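Just below is one structure, and these are the notes that go with it.
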Amino acid sequence: MSRSVWKGPFVDGYLLKKADASRSSGRHEMIKIWSRRSTILPQFVGLTFGVYNGQKHIPVNVTEEMVGHKFGEFSPTRTFYGHTSDRKSKRSSGSASAAG
Amino acid sequence: MARIAGVNIPTNKRVLIALQYIHGIGQKNAKDIIEKVNIPAERRVSQLSDNEVLQIREMIDRDYIVEGDLRREVATNIKRLMDLGCYRGLRHRKGLPVRGQRTHTNARTRKGPAKAIAGKKKPTA
């Protein structure tokens, strides 16, 4: 179920301050944030955030299309390296097809 | 024979059922259309007057997104997610469930038929 409109979008307050500060300083630096749960607001467009994924800050360039999504959606928390046995099976099937 | 919304030619079934052969029209929309055009439920498509067919066609053209347009809309929505680089887009790219379902087992609708794992022995019954 989606969030009630009357509540407005959820954003951790300190993000607004950080965004304002980086805007006024005029330097394009990555704003490190831990708040993956915050909604991306229109005033964040054009800034770069480093969204924490539990290990490091993933740089996210906020574009207009991202407004309405959450920061966490752009910073994956899991890495999938694939199954080793899969690779083996692929290799064996590849050689089988080459032989046949 | 009635052509409604492009290629769809529903058969001599009842109108409520026949309309659902159109992609984008399910039970709810079919019921709404029938009520608005005032077609009795037991009427079949072959018994519709030309005027009624015309009314249905106009209503679908005007009020509903259907068939190719709908498919295109859905495809662009998915494409948007994939281009955005967000989590849902990644899941679409990988062909895995998008809405947080488990993938340890099941998820066969998205993953397709099970692939055999090399070296794994089949249990002999």
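The values are calculated or read from the model by the stated rules, or taken from the named source; none is laboratory data. Remember, it's a predicted structure, so these values are computed and weren't measured experimentally. Quick reminder, even Gly has a Cβ in these numbers, built from the backbone with ideal geometry, and neighbours come from all protein chains shown.
Among the residues of the stretch B:60-77, those that are touching a residue at least 60 places away in the same chain (Cβ under 8 Å) and touching a strand residue (DSSP E or B) at 6+ places or on another chain (Cβ under 9 Å) comprise B:66, B:67. Filtering the stretch A:18-45 to residues that are touching a strand residue (DSSP E or B) at 6+ places or on another chain (Cβ under 8 Å) and surrounded by 14 or more Cβ atoms within 10 Å (Cβ to Cβ) leaves A:18, A:19, A:22, A:30, A:31, A:33, A:34, A:36, A:38, A:39, A:40. As a summary of the residue check, residue B:85 satisfies the conditions (1) within 30 Å of residue A:59 (Cβ to Cβ); (2) modelled with pLDDT of 90 or more except for the one numbered (2).
Residues in the stretch A:17-38 that are modelled with pLDDT of 90 or more, touching a helix residue (DSSP H, G or I) at 6+ places or on another chain (Cβ under 8 Å) and not small (Gly, Ala, Ser): A:33, A:36, A:37.
Considering the conditions (1) without any contact (Cβ under 8 Å) to a residue 40 or more places away in the chain; (2) more than 14 Å from every other protein chain (Cβ to nearest Cβ); (3) basic (Lys, Arg), residue B:57 is excluded by exactly one of them, (1).
Within the stretch A:72-93, residues that are more than 7 Å from chain B (Cβ to nearest Cβ) sit with their Cβ atoms under 6 Å from residues that are surrounded by 12 or more Cβ atoms within 10 Å (Cβ to Cβ) and modelled with pLDDT of 90 or more, at 6+ positions apart or across chains, in these pairs: A:72/A:36; A:75/A:51; A:75/A:53; A:75/A:58; A:77/A:53. Of all the residues in the stretch B:4-42, those that are surrounded by fewer than 18 Cβ atoms within 10 Å (Cβ to Cβ), small (Gly, Ala, Ser) and at pLDDT 90 or above number 1. If you filter the stretch B:81-116 down to residues that are assigned to a helix (DSSP H, G or I) and touching a Gly at 6+ places or on another chain (Cβ under 8 Å), you find that the one that is farthest from the other protein chains (Cβ to nearest Cβ) is B:110.
Counting only residues that are more than 10 Å from every other protein chain (Cβ to nearest Cβ) and buried (at least 17 other Cβ atoms within 10 Å of the Cβ), the stretch A:59-70 holds 1 of them. Within the stretch A:2-18, if we keep just the residues that are of a type in the set (A, V, I, L, M) and farther than 17 Å from residue A:72 by Cβ, the residue that is farthest from the chain's Cα centre (by Cα) turns out to be A:5. Of everything in the stretch B:2-56 that is small (Gly, Ala, Ser) and part of a loop (DSSP other than H, G, I, E, B), the residue that is farthest from the chain's Cα centre (by Cα) is B:49. The residues of the stretch B:57-68 that are surrounded by 14 or more Cβ atoms within 10 Å (Cβ to Cβ) and assigned to a helix (DSSP H, G or I), listed by number, are B:57, B:59, B:60, B:67.
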